[in-house]
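One structure is given below, encoded as structure tokens.
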Amino acid sequence: MIQSVAFIGLGAMGYRMAAHLPKHFKQVYVWNRNFAKAEQHAAEYPTQAVPLEQAVQADVIFSCLPTSQDVEALITPLTLKAGSIWVDCTSGVPESARKLASLLKTQQVDFLDAPVSGQTIGAENATLTFMVGGNVTAFERALPAMQAMGKLIQHVGESGAGFAVKAVNNMLMAVNLCAVAEGFSTLKAHGVSLNAALECINASSGKSAVTESVFPQRVLNRQFPLTFALSLLAKDTGIAQDLVREARLSTPVIGLTHSLIQAANSLAEEPGDFSTAIKMYESWSKITLE
Ligand code: NDP
């Protein structure tokens, strides 16, 4: 039985995810590096803003930070409670999950790599997909806490498998983003209405999450709302590229897409949403996708 849950990292995802936990658990601790955000969370929801050392005494501890490097730096000096489970929702590096799982084992703590998909709207509606790697018994014990924030909670393999699935998922989205930018620039160059084309494609075999939601809701309306940073997508395509390299596979599309996303991130004048990667294509073609 889970008596207490903690959430560490109240960013775009974590703030919304942690909001669901008090509906299911009596004791919910929150901690954030900028502690004012934890206090704001506790004022808005029935959570408790506490020091990090206290938060990590919970039965199940969630974290959602930008990178595995951040998670490693946070966890390494901590003393945890034997029998607890650390569930890391960061989109992280598989090798780091294996390292943390063996490090925490020395404190009799399980580490699950449990990245999520579904964007901030999924976090808000508790409809996230969790792709989880690590010990199956720990997965089953932590399941009710993940169910409080997600819809599909899938164990995908040993430590690192969750991070690997997430990296490949985001790579597939990035491939689509680039392909859609190229395809729609071509259509506009030929004088085709992009809205009419989108309607046809969304009823045809070329449709994807990019054509169904990213393109109409972020690009064509020129809103580009910042909910998932382009720098984070570049981090994810980099993780996928490293996985390919480790497996010694020949994957030209993955390599090229990582280079394109990385270039778009470097060329961006200011931090922006992942959908602003389109603007790199627009600067090349001098065609605005609207
Ligand atoms: P944000 O940048 O919005 O939030 C990052 C959070 O991590 C903040 O709470 C920040 O604290 C904290 N943080 C940053 N660095 C450190 C550190 N060194 N030590 C401790 N805390 C730190 O990111 P998101 O919420 O968008 O993303 C978090 C993770 O989830 C990423 O791995 C991302 O790839 C993944 N993700 C994001 C999605 C999205 O739609 N946004 C969707 C699915 C996955 P502070 O407030 O102090 O800066």
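The values are calculated or read from the model by the stated rules, or taken from the named source; none is laboratory data. Keep in mind the model is a prediction, meaning the values are calculated, not measured. We place every Cβ from the backbone using ideal geometry, glycine too, and count neighbours over all the protein chains shown.
A few comments on the model shown:
- Residue, farthest from the chain's Cα centre (by Cα), within segment 77-111, restricted to residues that are within 12 Å of the ligand (Cβ to nearest atom) and of a type in the set (Val, Ile, Thr): Val93
- Inside segment 28-41, residues that are touching a strand residue (DSSP E or B) at 6+ places or on another chain (Cβ under 8 Å) and either in a loop (DSSP other than H, G, I, E, B) or surrounded by fewer than 17 Cβ atoms within 10 Å (Cβ to Cβ) (or both) make up a count of 3.
- Among the residues of segment 124-133, some residue qualifies, meaning at least one is buried (at least 23 other Cβ atoms within 10 Å of the Cβ) and of a type in the set (Gly, Ala, Ser).
- Scanning segment 85-119 for residues that are part of a helix (DSSP H, G or I) and of a type outside the set (A, V, I, L, M, F, W, C) gives Pro94, Glu95, Ser96, Arg98, Lys99, Ser102, Lys105, Gln119.
- Among the residues listed as Ser250, Ser231, the single one being out of contact with any Phe, Trp or Tyr (no Cβ under 8 Å at 6 or more places or on another chain) and assigned to a helix (DSSP H, G or I): Ser231
- Check on Thr127, away from the ligand (no atom under 14 Å from the Cβ) and farther than 21 Å from Ile239 by Cβ: no
- Residue within segment 227-238 that is among the hydrophobic types (A, V, I, L, M, F, W, C) and more than 12 Å from the ligand (Cβ to nearest atom) present: no
- Residues in segment 9-27 that are more than 13 Å from the ligand (Cβ to nearest atom) and either in a helix (DSSP H, G or I) or of a type in the set (Lys, Arg) (or both): Leu21, Pro22, Lys23, Lys26.
- Here the condition is being of a type in the set (Phe, Trp, Tyr), at pLDDT 95 or above and more than 15 Å from the chain's Cα centre (by Cα); of Phe163, Phe184, it holds for Phe184 alone.
- Of the residues Ala203, Ala179, the single one that is over 21 Å from Lys286 (Cα atoms) and either loosely packed, with under 14 Cβ neighbours inside 10 Å or in the same structural domain as Val244 (by TED's automatic domain parsing) (or both) is Ala203.
- Residue within segment 50-64 that is surrounded by fewer than 20 Cβ atoms within 10 Å (Cβ to Cβ), within 13 Å of the ligand (Cβ to nearest atom) and either in the same structural domain as Leu230 (by TED's automatic domain parsing) or assigned to a helix (DSSP H, G or I) (or both) present: yes
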